[in-house]
Every structure is written in C-alpha cells, then in structure tokens.
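Written below as structure tokens is the structure these notes are about.
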Amino acid sequence: MKLFKYIIIGFLFGFGMWKLEAISTFRIIEMFHFQSFHMYGIIMSGVVIGIIITQLFKKGKIKAVHGETVKFNDKSHEWWRYILGGIIFGMGWALTGVCSGMMFVLVGSGYTVFIVFIGAALLGTFAYGYFRKSLPH
Amino acid sequence: MYEKVLEMQEFISQPWPWWMGGIVIGLTLYLLFKFNKDFGLSANLRTMCAADGAGKYADFFEFDWGKQGWNLMVALGAMFGGYVAANYFGGDGLAHISDAAINTLNQMSPEPYLTADNVHIVPGKDVMHGVNLPEWWNLYSWKSLFTLRGLIIIVGGGFLIGFGARYAGGCTSGHAISGIANLQLPSLVAVIGFFVGGLIMTWLILPYILQITI
C-alpha cells in the first residue's frame with residue numbers, strides 16, 4: 001500500500017497531460033513548426049513553477065514527509081551524451097509525436113499498439129546499455 | 001447532487017489552457033519531492049530491462065532496480081490517468097491546434113484531409129467522441145503497425161526514444177522539466193538537442209515517411 005500514493009501522482013500527471021493535449025502528435029508537429037504557443041506554454045509554466053518548488057525543497061524551506069531535506073544531484077558534465085543523446089531522443093519524439101511518459105498514457109487510453117512502442121523503447125534502452133562503452137559521452 | 005457531478009465533469013472536459021501545465025507539473029514535482037523522489041519517466045525503461053535480466057548482458061543494468069518500484073507505479077498511474085481522461089473527460093475529443101498547423105498537416109498528406117472538426121486528439125481511431133479522423137491519419141492502430149509507414153513510426157520512434165533517453169540521461173520529464181528546474185546546464189544542452197533532433201525529423205524526414213504507402 002506504500003506504493004499506492006505513486007499511482008495517484010501518476011494518475012494526476014497522465015490525466016493532466018491528456019487534457020493539455022501534450023499526448024497529441026498533432027500538437028508536437030505544431031510545436032516543431034512554431035505554430036502555437038500552447039506546448040511552449042505548458043513546458044515554460046512547468047519549468048517556472050518547477051524552479052520555485054525545487055529551490056524551496058533544496059533550501060529546506062519545504063521538507064520531505066519524514067522531515068529530511070531533499071537532495072538534488074547535479075548532472076555530470078559529459079557534453080557529448082547530452083548533445084547526441086538529445087538529438088536522437090528528439091528525433092524519436094518528433095517521429096511518433098510521443099515521449100517516454102506519454103507512451104504509458106496512450107496505452108492506458110486504449111491505443112494498445114503502444115505496447116509495441118514500449119517494447120521498441122525497451123529494445124532501444126537495452127541497445128544503449130549494450131553499446132554504452134563504445135559510444136562517445 | 002448527480003447534476004452537480006455532471007456539471008463538474010463537463011467543466012473538466014473542456015480543453016485545458018496551457019497554464020494548467022504549470023499546475024499539473026508543479027503538483028507532480030511537489031508530491032514526488034515531498035516523498036523524496038525525483039521525476040523521470042524514462043528511467044522506468046531501464047528498470048524494466050534490468051528486471052528482465054538485462055544485467056547479464058551489460059553492467060548498465062546491474063543496479064538496485066527493486067527500489068524503483070515507486071516509479072513504475074507512477075507510470076501505471078499515468079496509464080489510469082489516460083484511461084479516465086480519454087473515456088470520461090475527453091470533451092469533444094479534438095486536438096485544438098491552430099489553423100496554420102492544420103494547413104501544414106494537410107500539406108503532408110496527398111489530399112487536404114484534415115479540418116478543425118476531424119483532428120482527433122491523437123492520430124488514431126476515436127471510439128468515444130464521434131470524431132471522424134480521416135483514415136490516412138490513422139497511425140496508432142494495429143493495422144497501421146503492419147504497414148511499412150506504421151512500422152517505422154511506431155517501432156522506429158520507440159527505439160529512438162528508448163536509446164536517446166538513456167544516452168542523454170533523461171527525457172522530457174527528467175531534463176526539460178526537473179533538470180532545468182534544478183538549473184542544470186547539461187539539461188539545457190539536452191533540451192536543445194531534443195529540439196534540434198525534433199526539427200530535423202519534423203521538417204526533413206517525417207514528411208517523407210508519411211508519404212510511404214506500403
């Protein structure tokens with residue numbers, strides 16, 4: 001039952017992303033053609049509120065449930081991985097119009113063919129893990 | 001009482017304005033941080049690989065994945081969220097994209113199939129709201145999977161997402177939202193990468209893939 005609360009959090013997120021049309025391929029194509037503010041508004045308002053919340057937790061103004069200060073890890077400075085991995089991810093994002101969070105929302109909403117998409121994403125993840133040492137980071 | 005519930009349902013079913021994104025994402029981050037967890041949905045792919053025994057093949061998958069159960073629950077919750085939103089709060093079932101975007105989409109197809117009344121929220125069959133999406137755009141279906149076009153879009157897109165997310169060390173939630181919210185320069189670089197890749201795909205490659213008729 002300890003894990004149940006995370007289902008609620010995921011529910012809020014998935015529900016919201018559907019209603020905001022962030023799961024829409026058409027919205028993603030529109031975004032990459034700069035034809036509406038909508039997607040940028042979602043990301044930017046999320047980031048602005050995210051910065052405030054992160055700073056409040058980081059400085060200990062808000063504490064986690066057991067009274068501990070939440071630790072935030074800095075990302076390593078391996079620039080090639082962010083550039084190359086980022087471009088590959090972006091290409092996948094625009095090809096299907098779906099990112100790794102939205103694929104779960106779409107399976108749930110009845111597009112069961114996204115089980116295959118998740119399977120392919122697992123294969124991609126495995127391929128990265130397998131070839132990791134020969135890739136530039 | 002029942003009428004009040006229906007009114008509420010109708011209210012929520014309207015298309016949401018963009019600033020609701022700040023509220024939804026803010027609430028998600030707040031709750032996860034409150035339980036001392038971080039936000040990153042693509043990490044689940046690594047967990048699933050590890051749970052399936054991928055650790056035998058690459059040490060990248062040798063980690064304490066048992067502790068990642070909470071994140072799988074977030075993904076499971078997102079599935080329920082999608083189910084309830086699509087089935088009970090779908091509204092008119094349309095993607096409320098701009099006229100300019102509809103024009104652009106129509107230039108990608110052999111004929112201008114789309115109008116403001118038939119752009120279903122996703123390019124898949126609508127069973128709930130009576131949106132009559134033109135068959136040419138029906139990409140999210142098992143039938144589509146067995147065409148070359150659908151295969152590339154569904155399997156190719158999935159592979160790139162899975163590979164790219166782990167290579168970049170995060171996806172839209174891990175970098176674009178929580179990484180940038182934590183003022184991480186690497187995350188900003190990754191997000192610029194997302195956009196470069198997305199622009200290349202959308203402008204230079206996707207129009208040709210959509211034309212494939214086999």
> Among the helices (runs of 4 or more DSSP H) contained in segment B:85-196, which hold 3 or more residues that are more than 16 Å from the chain's Cα centre (by Cα) and among the polar types (S, T, N, Q)?
Replying inline: B:99-108
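Any chance you could count how many residues in segment A:18-36 are facing chain B (nearest Cβ under 7 Å) and either part of a helix (DSSP H, G or I) or under 21 Å from B:Leu188 (Cβ atoms) (or both)? Even if it seems obvious, please write down each step before you answer.
At the first step, the residues of segment A:18-36 found to be facing chain B (nearest Cβ under 7 Å) are A:18-21, A:23-27, A:29-30, A:32-33, A:35-36.
From what is left, the residues that are either part of a helix (DSSP H, G or I) or under 21 Å from B:Leu188 (Cβ atoms) (or both) are A:18-19, A:25-27, A:29-30, A:32.
Qualifying residue count, segment A:18-36: 8.
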> For segment B:29-50, which residues satisfy the criterion of being among the small types (Gly, Ala, Ser) and either in a loop (DSSP other than H, G, I, E, B) or over 22 Å from the mean Cα position of the chain (by Cα) (or both)?
Replying inline: B:Gly40, B:Ser42, B:Ala50
> Looking at (1) of a type outside the set (Val, Ile, Thr); (2) touching a strand residue (DSSP E or B) at 6+ places or on another chain (Cβ under 8 Å); (3) buried (at least 23 other Cβ atoms within 10 Å of the Cβ), which is the only condition B:Asp117 fails?
Replying inline: (3)
> If you check every pair at least six apart or on different chains, which have Cβ atoms under 7 Å apart with a residue in segment A:69-87 that is in contact (Cβ under 8 Å) with a residue 24 or more places away in the chain first and a residue that is open to solvent by 50 Å² or more (accessible area, probe 1.4 Å) and in a loop (DSSP other than H, G, I, E, B) second?
Replying inline: A:Glu78/A:His137; A:Trp80/A:Pro136; A:Trp80/A:His137; A:Arg81/A:His137; A:Leu84/A:Pro136
> Tell me, which residue of segment B:50-85 that is in contact with a Ser or Thr (Cβ under 6 Å, 6 or more places away or on another chain) and modelled with pLDDT of 95 or more is most open to solvent (accessible area, probe 1.4 Å)?
Replying inline: B:Tyr83
>> I'm trying to understand the selection: among the residues of segment B:173-210, which are in contact (Cβ under 8 Å) with a residue 60 or more places away in the chain and out of contact with any Asp or Glu (no Cβ under 7 Å at 6 or more places or on another chain)?
In response: B:Ser173, B:Gly174, B:Ile177, B:Ala181, B:Leu206, B:Pro207, B:Ile209, B:Leu210
>> For segment B:40-58: of the residues being closer than 29 Å to B:Gly26 by Cα and without any contact (Cβ under 8 Å) to a residue 60 or more places away in the chain, which is farthest from the other protein chains (Cβ to nearest Cβ)?
In response: B:Thr47
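The values are calculated or read from the model by the stated rules, or taken from the named source; none is laboratory data. On a predicted model such as this, the values are computed, not experimentally measured, just so you know. Neighbour counts run over all protein chains shown; Cβ positions are idealised from the backbone, glycine included. For the accessible areas, the whole protein counts, side chains as well, though only heavy atoms, and no ligand, DNA or RNA atoms are used. Shrake-Rupley method; radii C 1.70, N 1.55, O 1.52, S 1.80 Å.
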